[in-house]
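Q: Attaching a single structure in structure tokens format; questions to follow.
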Amino acid sequence: LEQTFIMIKPDGVQRGLIGEVIGRFEKKGFYLKAMKLINVEKSFAEKHYADLSSKPFFGGLVEYIVSGPVVAMVWEGKQVVSTGRKLVGATNPLAAEPGTIRGDFAVDIGRNVIHGSDSVENARKEIALWFPEGIAEWRSNQHPWIYEV
Ligand code: GTP
Ligand code: MG
């Protein structure tokens, strides 16, 4: 099964949306394989968003990510990278469809509650960056009720 990196950003934590986000991924049928609430340093946030370092909003983005604790998670499931992005919704919350996390809970692009890996390759890199200690190995007993095996 595929894995993706999902992060609840500081605004999502402050606004009490941790349970809401986890609930949506759980109820979909994905498995939580790793999770921690942490404050990251500026250099770490810069590494996570290194691909965007030339963007004019990069400084503000890094300040946003270090402004409070985030919840870093690894989720596992069939096509969880692309489907996770669908649950997250469009980058600009005003363009995000209702029913998506950003569409339901956010307004500004610079306060869009959640991050999701945009490719299998980036998911692999992000999981290695955020969870160098490794991740849990487990599978739900409900597996055959969610996946046609
Ligand atoms: P992530 O899941 O956080 O990676 O978002 P994304 O993949 O939907 O968008 P992208 O990787 O292009 O940008 C990363 C983050 O930078 C976004 O989630 C926004 O928080 C922020 N961002 C992107 N574009 C803009 C912008 O034009 N202005 C501002 N202020 N922030 C932006
Ligand atoms: Mg991105």
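A short reminder: the numbers here are calculations on the coordinates, not readings from a lab. Worth saying up front: this structure is predicted, and the values here are computed from it rather than measured. A quick note on method: Cβ atoms are made from the backbone with ideal geometry, for glycine too, and the neighbour counts reach across all protein chains shown.
Q: Roughly how many Å is it from the Cα centre of the range 1-71 to that of the range 84-111, as a whole number?
A: Each part reduced to its Cα centre gives a spacing of 14 Å.
Q: Still on this structure, please answer the following. In what order do Asp11, Asp104, Asp51 fall by count of nearby beta-carbon atoms within 10 Å, going from fewest to most? Mind showing how you got there, number by number?
A: Working: Asp11 20, Asp104 16, Asp51 9.
Neighbour counts put them in this order, fewest first: Asp51, Asp104, Asp11.
Q: Give the aspartates and glutamates whose C-alpha is closer than 15 Å to that of Lys36, dropping any in the same chain fewer than 8 places away, or say none.
A: Here the aspartates and glutamates satisfying the reach criterion relative to Lys36 are Glu126, Glu133.
Q: Under a point-charge model restricted to the Cβ atoms of Lys and Arg (+1) and Asp and Glu (-1), what is the dipole moment magnitude of the chain relative to its Cα centre, in debye to the nearest 20?
A: Once rounded to the nearest 20, the dipole reads 120 debye.
Q: If you plug each phi of the range 89-94 into the Karplus form 6.51 cos²θ - 1.76 cosθ + 1.60 with θ = phi - 60°, what whole-Hz ³J(HN,Hα) values come out, in order, with x for Gly and Pro?
A: Taking θ as phi minus 60°, the curve returns x, 4, 3, 7, x, 6 Hz for the range 89-94.
Q: Pop out the ³J(HN,Hα) list for the range 66-73 in order, Karplus 6.51 cos²θ - 1.76 cosθ + 1.60 with θ = phi - 60°, rounded to Hz; leave Gly and Pro as x.
A: 8, 6, x, x, 10, 10, 9, 9
Q: Select from Phe105, Met7, Val80 the residue farthest towards the positive end of the dipole of the chain; place +1 on Cβ of Lys and Arg, -1 on Cβ of Asp and Glu, and compute about the Cα centre.
A: Toward the positive end, the furthest listed residue is Phe105.
Q: Where does helix 18-28 land angle-wise versus the long Cα axis of the chain, in degrees 0 to 90, nearest 10?
A: Long axis of 18-28 versus the principal axis of the chain: about 40 degrees.
Q: Can you figure out the FRET efficiency of Trp138 with Phe58, using R₀ = 25 Å and their beta-carbon distance, to the nearest 0.05?
A: Details: r = 37 Å, r/R0 = 1.48.
With a Förster radius of 25 Å, E is 0.10.
Q: How long is the chain along each principal axis, judged by its Cα atoms, biggest number first, in Å?
A: Principal axes ranked by extent give 47, 35, 26 Å for the Cα atoms.
Q: Most fluctuating residue of Lys125, Lys33, Lys55 in a GNM of the chain with Cα springs under 10 Å: which is it?
A: With Cα springs under 10 Å in the chain, the top fluctuation among Lys125, Lys33, Lys55 is at Lys55.
Q: Evaluate the distance, in nm, between pseudo-label points positioned 7 Å from the Cα of Leu37 and of Arg124 along their respective Cα→Cβ axes.
A: With each label point 7 Å from Cα toward Cβ, the separation is 3.3 nm.
Q: Among the lysines, which fall within straight-line cross-link reach of Lys86, defined as a Cα-Cα distance under 21 Å, with same-chain neighbours fewer than 8 residues apart omitted?
A: Straight-line reach from Lys86, under 21 Å: Lys9, Lys27, Lys28, Lys33, Lys78, Lys125.
Q: Mind jotting down a quarter of the surface of the convex hull over the alpha carbons of the range 72-120, in square nanometres, one decimal? Walk me through the intermediate numbers first.
A: Numbers: hull surface 13.7 nm².
Reported value for the Cα convex hull: 3.4 nm².
Q: While we're looking at this one, here's another question. When ranked by the protection proxy of mean other Cβ atoms within 10 Å per residue, highest first, what sequence do the peptides 137-148, 65-76, 88-99 form? Mind dumping the intermediate values first?
A: Values: 137-148: 10.2, 65-76: 20.3, 88-99: 15.2.
So the peptides 137-148, 65-76, 88-99, ranked by packing, come out 65-76, 88-99, 137-148.
Q: Then there's this: What residues qualify as long-range amide H neighbours of Val70, i.e. H under 5 Å apart, gap of 5 or more or another chain, H built at 1.01 Å from N?
A: When sequence neighbours closer than 5 places are left aside, the close amide H contacts are Ile38, Asn39, Val40.
Q: Please get the size of the charge dipole for the range 58-141, origin at its Cα centre, with Cβ charges of +1 on Lys and Arg and -1 on Asp and Glu, quoted in debye to the nearest 20. It would help to have the intermediate numbers written out before the result.
A: On the way: 8 positive and 10 negative charges, 38 e Å.
So the dipole magnitude of the range 58-141 works out to roughly 180 debye.
Q: I would also like to ask the following. Can you find, among Tyr49, Gly23, Ala34, the residue sitting farthest towards the positive end of the charge dipole of the range 1-57, where Lys and Arg contribute +1 and Asp and Glu -1 at Cβ?
A: Going by the Cα projections, it comes out as Gly23.
Q: Using θ = phi - 60° and the Karplus curve 6.51 cos²θ - 1.76 cosθ + 1.60, what whole-Hz ³J(HN,Hα) does each residue of the range 95-105 get, with Gly and Pro shown as x?
A: 9, 6, 5, x, x, 8, 5, 5, x, 8, 10
Q: Identify which of Gly59, Gly116, Gly77 has the largest mean-square fluctuation in a Gaussian network model of the chain, with springs joining Cα atoms closer than 10 Å.
A: Of Gly59, Gly116, Gly77, the most mobile in the Gaussian network model is Gly59.
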